Each structure stands twice: as structure tokens, then as C-alpha cells.
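Computed from the coordinates by the stated procedures, all read-outs in this text should not be read as laboratory data. Everything quoted here is computed from the prediction, not taken from an experiment. Because the Cβ atoms are built from the backbone with ideal geometry, glycine has one as well, and the counts that use them run over all protein chains shown.
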Amino acid sequence: MKPVEMREFIEAMEELEKERGINKDYLIESLESALVTAYKRNFDSVDNVKVTIDKETGAVHIYSVRTVVEDNKLEDPLLELELMPARKISPLCNVGDIVNLEIVPKDFGRIAAQTAKQVVVQKIREAERNITFTEYNDKKGEIVSGLVQKADGNVVIMDLGKLEGVMPQKEQIPTEKYKVNDKIRGYVLDVERGVKGIPHAIVSRSHPDFVRKLFEFEIPEIYEGLIEIKSVSRDPGYRSKVAVYSKNENIDPVGSCVGQKGVRIQNIINELNGEKIDVIEWNEDPSIYIAAALLPAQVLAVDIKEDEKFAEVIVQDDQLSLAIGKSGQNARLAAKLTNWKIDIKSESQIREMVEKQMNENNEEENIEDDANNNE
């Protein structure tokens, strides 16, 4: 390869480093390795070839790596070099040392040019994939937007710009139907390398943290740290419960999240296509916290067993079905939110239990009295 062409090649790599962040040294090392392979393939060489590229001029140097042997003791002319010729290359070398004998194979410039083009194209692709992978790997736990490219009922493929987003069925909201060209948002669970190292993001709309992040977007006080989300529980597409807290007594965490006339929470509900959201205030007192978690039901009393993290909740008779919820949804979400086992009973059930216990006690007392009388 002509020196001018190589200088232009070096300049091109320097430009790539500036514009795309692809390390020039990395490209040169990759090209050196590829030129070794190309040389061996085209010249039926043994394994003792070495290629270096001058990082300033771009000049390609090809060497045959030889072991120095005593004069007149040469056994393999492809792998060895006698001491006297070796000292013309490296004056201080001795028998057993390694020297690099520069060679100039015919027509290697053309081969080098073709190899350089292939290597640069390949390494640009690899580097761009690595850059994209790193960029989106840093977005794990964030929300991204994209256009639906494919929606076959099982997996949704999204165009996120620089890479694809993959939303498996379990990460989809079961009440939603996705169509090609729909613009949707999702929560980045992970970034993986697929076929040929091409990265893609695993996206979710069903994860509880998707709701958490939507709250951060819509509620400035949460983004600024004035209000903290303590816990989120979710039945995707149907209902979510979010526990919020503020150290500042002047801030109403629930009111701030709901917003005037519910405008703030409505934006989140719209994003989730009508999913109901209960915002409750977190409290370090588990009985108060559990009672709030069972909203919209009104709780009369909470009896807790701290060691077992078990709570027995009493509600009015007309509040029992509301407290439990359809298919147990409200109670289940409250238990997930608080991380407590919750048993809900109505006043009538408690009254019946008390009466039954009293009757059993009376029977036991009567039996004891009869036994004493018989004596």
C-alpha cells in the first residue's frame, strides 16, 4: 500500500475516533491482526509472520519472526536466522534471541487495501453496537419511547431509534392491544446481545416500576426527592397501589400526586389505558399503613402480630366485599404493598366468632360444674 494512501487511512481512523468514539489504536490492532491472517492465506506462510502499522505515517511493515542460531547451524530457513545476518538487524542479539526480518511481498499493497476496508467496516459496526449497548445499558430502569414494528400477540417489537425493543408477552399489559406504528412507552428491564452481537432492549409495560417511573415523570415533587415512593403493587391493566411519603410536614404526598381535580394522576391513568390507581400515604405504624392500603374500603380496626407480620383487619359488613375486592384483588395488592399477611373479617364474622368462643367457654364451665357436683 502506498504511504500516501496509508496516511489517508490513518487520518480516516482519527476522524472516526472523533466522530463516533471508535478508538484508533483498537482499529489499528484489529487491522494488524487481520493483515497477518491475509498474509498467511495469500502467501501460504507459516505462523511466524508479524505485521505492524506506524500510527503516524500508516506505513505497513511485515516481518518474518526468526530465532537466532549459530552460523552454519541453520536447520529451518523459514523459522531460523544465522547469527551474522541477524546481527545486521539487531547488533546486540545472541543465539536463542528473536529477531524480526522485514520482508516485502509482491502485490501485498492490494491485499492490505482490501483487508483494511473489510476490517474497518466490520469494526465500525462492532464499535457502534458496543456504543449502543453501553448507551442503552445505562438506561436500564428508565422509560423509553418507540414505534411498534411488529405485534403478533406474543412478542411486540419496538423501534427505539438505535436499537430494537423487545416486549415479551409476560411484560405486556393484558388489557392492551398493540398495532404496528403505535407509539408506546415502556420500562427498560435489561439490554441483551442477540444474533451477531446486535443489542436489543427488553421492555416492559407490566412491571410495577413502570408505574413508579411514570410517577417520577408526572410528579415534580417525586423527581426532586420531596416525596418518596415507598412501595408499588400492581395487577397490570386493572389496578395499582402506590404508597408515598414526605418528610416535610407541609407537603401532602397523596394530594401532590393526585393533583388539582386529579389532573396529575389522570395523565398516568391515561398512559396505562384506564388502569385504576390508589395512592395512599405510607406510615411507619403498620396498623395505620395497612388500613390505608385497603382503600377504598374503610377499616374499623387492625390487630397486628409483629413477629409473624400478620394483620387481622375488621371492617363493617357492607365494606367486606370492597376490602377484599373482585377475586381478592384489593386484599392481594394491599398485602404486596405492605409486605404483610392480611386477614379481613367483617363485624358480623367477628361477633359470631366471639359468641362461639363464649358458648364454648360456657359449655366447658358447665361440664366442670357438673363434674364437681357429682363428686
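Data for the structure
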quantity	calculated
Mean Cα-pair separation over length for the chain, i.e. relative contact order, pairs under 8 Å, 6 or more apart, %	8 percent
Exposure proxy ranking, count of Cβ atoms within 10 Å, fewest first, for Glu56, Glu11, Glu176	Glu56, Glu11, Glu176
Charge tally in the Cβ shell below 12 Å around Ile265, where Lys, Arg are +1 and Asp, Glu are -1, Ile265 excluded	-1
Fraction of the pair-distance distribution of segment 57-107 above 14 Å, Cα-Cα pairs, percent	49 percent
More than 23 Å apart - percent of Cα-Cα pairs taken over segment 3-135	44 percent
Under-17-angstrom lysine pairs by C-alpha in segment 207-282, whenever the two are 8 or more apart or on separate chains	7
Normalised alpha carbon radius of gyration of the chain [divisor 2.2 N^0.38 Å]	1.76
Neighbour-count ranking [beta-carbon atoms within 10 angstrom, fewest first] of Thr338, Thr57, Thr52	Thr57, Thr52, Thr338
Distance (nanometres) between label positions extended 7 Å along Cα→Cβ at Arg351 and Lys117	9.2 nm
Local electrostatic count, Arg332, Cβ distance below 15 Å [Lys/Arg +1, Asp/Glu -1]	+4
Amide H partners (placed H, <5 Å) of Lys150, local residues excluded	Ile157
Principal-axis tilt of helix 3-20 within the chain, Cα atoms, nearest 10 degrees	10 degrees
Separation in nanometres of the label points that stand 7 Å from Cα toward Cβ, at Tyr26 and Arg87	4.6 nm
Solution diffusion estimate, µm²/s, Stokes-Einstein, segment 142-203, Kirkwood Rh from C-alpha pairs, 37 °C, viscosity 0.692 mPa s	284 µm²/s
Descending principal axes extents, segment 193-326, alpha-carbon based, whole Å	60, 36, 31
Estimated [θ] at 222 nm from DSSP helical runs (n ≥ 4, -39500 (n - 2.57)) normalised by residues in the chain, nearest 500	-13000 deg cm²/dmol
Alpha-carbon gyration tensor eigenvalues x 5, square-rooted, for segment 207-282, Å	19, 13, 10
Extension reserve of the Ser321-Gln266 stretch, reckoned as 0.36 nm per residue once the Cα distance is removed	17.2 nm
12 Å beta-carbon shell around Ile53, net charge (K/R +1, D/E -1)	-1
Principal-axis tilt of helix 329-338 within the chain, Cα atoms, nearest 10 degrees	60 degrees
Taking the C-alpha atoms of segment 111-267, convex hull volume expressed per residue in Å³	135 Å³
Sparse-neighbour loop sites [trypsin sites (Lys or Arg not before Pro); segment 134-185; at most 12 other C-beta within 10 Å; DSSP]	Lys177, Lys179
